[in-house]
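For reference, the structure is listed below as structure tokens.
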Amino acid sequence: MKNIQSVRGMKDYLPDNVLIWQQVENILKNILNSYGYKEIRLPIIEHVALYNRTIGEVTDLVEKEMYNFTDRNGDSLVLRPEGTAGCVRSSIEHGLIYNQEQRLWYMGPMFRHERPQCGRYRQFHQIGVEVFGLEGPDIDVELIMINIRLWKALGLDKYIRLEINSLGSLDSCNNYRKVLIGFLEKHKNLLDENCKRRMYTNPMRVLDSKNPNIKCLMEYAPKISNYIDNDSRTHFKELCNLLDKLNISYKVNHHLVRGLDYYNRTVIEWISDFLGAQGTVCGGGRYDDLVKQLSSYSTPAIGFAIGMERLVLLVETLNPNFKLRNRCNFDVHIITKSKDIKVIALDLTEKLRDAMPEFTFITTFRDSSVKKQITRAIKKGATIILILGENASNLNQVTIKDLRNGKQQTISILDILSTLKFLLK
Ligand code: ATP
Ligand code: MG
């Protein structure tokens, strides 16, 4: 019989790898907390209409990548492909953003039916941040500063760079779209099939085509910065000014447009050259009109989403000491010489856990030789090994072995706690 395997593009995260994820997640959570951002937990399934109305019907995401399905009641649902739309939906539904500011974050799996490759999966994870009620550009800078602090805390700041652009208001964007269509029509013979298909429905996407010939052509395309409205121009100028004054490096990329329809004004991407073709670790921007689209009022908003798989991959490849450095709890392994002592060992280990909750205690349940048990404990990363005697009468003969320096001593069971505390202090 053939073994059942995981669904294509959906990874398993094994314990060793999860250790890094947990550490990265904790760092991110602590930093977000230090800026006053609150966690929100949202469903993985939403109505399909939410994405059709917000992301835009002629985007890659809605056209090709959504996991839609009809449930038993006949409702059209979808496994969420991103977090912003759901976060806005929930914030409106629960009155979190009517006439008030909110700084929110969430973390969890997203689903997109894309071609799986390194850094691109069908189930992947994002940590997303959304701020409501602030027009910026100061809040735009705050988000960028959060990103910088995250990269620094993970030892990645040298390997990730910032690109920004402004799309202007939705109106000015529409004007630009017309100009761009005019340019594309003139050079239609140079476009590939994908771009031709997109030309009238989503011409902005042609700007960030990966096809080198199209890239070359687009160097000559009209620049969006010449078409944005005056208020957006001022907004962007102020943003650049603030970044300059704060010594934050960035590059203005006139071709940066982002994949989803709801963005306006500031758009940002954090890119690394160490990830191959999937170089964007984090993307975001303003979406000042999205709340209005889904409710009866309007609230300015901005957010970003980090691709966790790409971030963890960067940590693993560029910061090999990360795992060791952030591992703060030591493991103590308890080995017994005979079966008769098992009850004492179980009882003792519970007491040690009560007294030293920050350490990990692992009791060996194998009946193999002491030597084999020691070898196994070392392999599993033990810091200290405790070897209990053969029977209840020789409990003043407990061997305690510190694997960090190889030193070994024999003590009474009554002194275990004080000795451990002394060794692990
Ligand atoms: P890309 O251009 O790589 O497809 P995107 O513009 O579709 O990215 P966003 O919707 O902005 O991505 O999502 C934010 C981040 O989530 C991306 O920068 C990336 O790090 C991550 N991400 C997006 N799609 C995937 C995927 N299929 N697998 C893994 N990570 C992903
Ligand atoms: Mg994509």
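The values are calculated or read from the model by the stated rules, or taken from the named source; none is laboratory data. Keep in mind it's a predicted model, so treat the numbers as computed, not measured. Neighbour counts run over all protein chains shown; Cβ positions are idealised from the backbone, glycine included. Side chains are part of the model used for accessible areas, which takes the heavy atoms of the whole protein and leaves out ligands, DNA and RNA. Shrake-Rupley method; radii C 1.70, N 1.55, O 1.52, S 1.80 Å.
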Practice task
Only one of these is more than 24 Å from LYS292 (Cα to Cα), surrounded by 19 or more Cβ atoms within 10 Å (Cβ to Cβ), among the aliphatic types (A, V, I, L, M) and in the same structural domain as MET110 (by TED's automatic domain parsing): LEU162, LEU143, LEU180. Name it.
Solution key: LEU162
Exercise for the section: Would you check if ILE268 is surrounded by 14 or more Cβ atoms within 10 Å (Cβ to Cβ) and under 28 Å from GLN126 (Cα atoms)? Expected result: yes
Problem - Residue list for the range 12-24, filter: assigned to a loop (DSSP other than H, G, I, E, B) and open to solvent by less than 80 Å² (accessible area, probe 1.4 Å) - result: TYR13
Fill in the blank from the handout: Requiring at least 1 residues that are open to solvent by less than 60 Å² (accessible area, probe 1.4 Å), within 16 Å of ligand 1 (Cβ to nearest atom) and of a type outside the set (A, V, I, L, M), the strands (runs of 3 or more DSSP E) wholly within the range 25-80 are 45-47, 67-70
Practice task
Report yes if TYR287 is open to solvent by less than 60 Å² (accessible area, probe 1.4 Å), away from ligand 1 (no atom under 16 Å from the Cβ) and more than 23 Å from PHE183 (Cα to Cα), otherwise no.
Solution key: no
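With the condition being touching a Lys or Arg at 6+ places or on another chain (Cβ under 9 Å) and within 29 Å of LEU19 (Cβ to Cβ), I'd like the strands (runs of 3 or more DSSP E) fully within the range 345-425 carrying at least 3 qualifying residues. Even if it seems obvious, please write down each step before you answer.
Numbers: elements: 360-363, 384-388, 398-402, 407-411.
In the range 345-425, 360-363, 384-388 are the strands (runs of 3 or more DSSP E) which contain 3 or more residues that are touching a Lys or Arg at 6+ places or on another chain (Cβ under 9 Å) and within 29 Å of LEU19 (Cβ to Cβ).
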Practice task
State the number of residues belonging to the range 96-142 that are among the small types (Gly, Ala, Ser), more than 16 Å from ligand 2 (Cβ to nearest atom) and modelled with pLDDT under 95.
Solution key: 1
Problem - the range 18-45 residues that are closer than 30 Å to ASN68 by Cβ, paired with ones that are assigned to a loop (DSSP other than H, G, I, E, B) (beta carbon under 9 Å, 6 or more apart) - result: TRP21/TYR13; ILE40/LEU96; LEU42/ARG80; LEU42/GLY83; PRO43/ARG80; ILE44/ARG80; ILE45/ASP71; ILE45/ARG80
Exercise for the section: Could you please find all residues in the range 97-125 being over 15 Å from the mean Cα position of the chain (by Cα), away from ligand 1 (no atom under 14 Å from the Cβ) and either among the charged types (D, E, K, R) or buried (at least 16 other Cβ atoms within 10 Å of the Cβ) (or both)? Expected result: ILE97, GLU101, GLN102, ARG103
Exercise for the section: Would you mind stating whether THR280 is at pLDDT below 95, in the same structural domain as GLY95 (by TED's automatic domain parsing) and under 20 Å from the mean Cα position of the chain (by Cα)? Expected result: no
Exercise for the section: Would you please list the contacts, defined by Cβ atoms under 6 Å and residues six or more apart or on different chains, that run from a residue in the range 282-303 that is under 16 Å from LEU143 (Cα atoms) to a residue that is part of a helix (DSSP H, G or I) and within 16 Å of ligand 2 (Cβ to nearest atom)? Expected result: GLY303/THR84
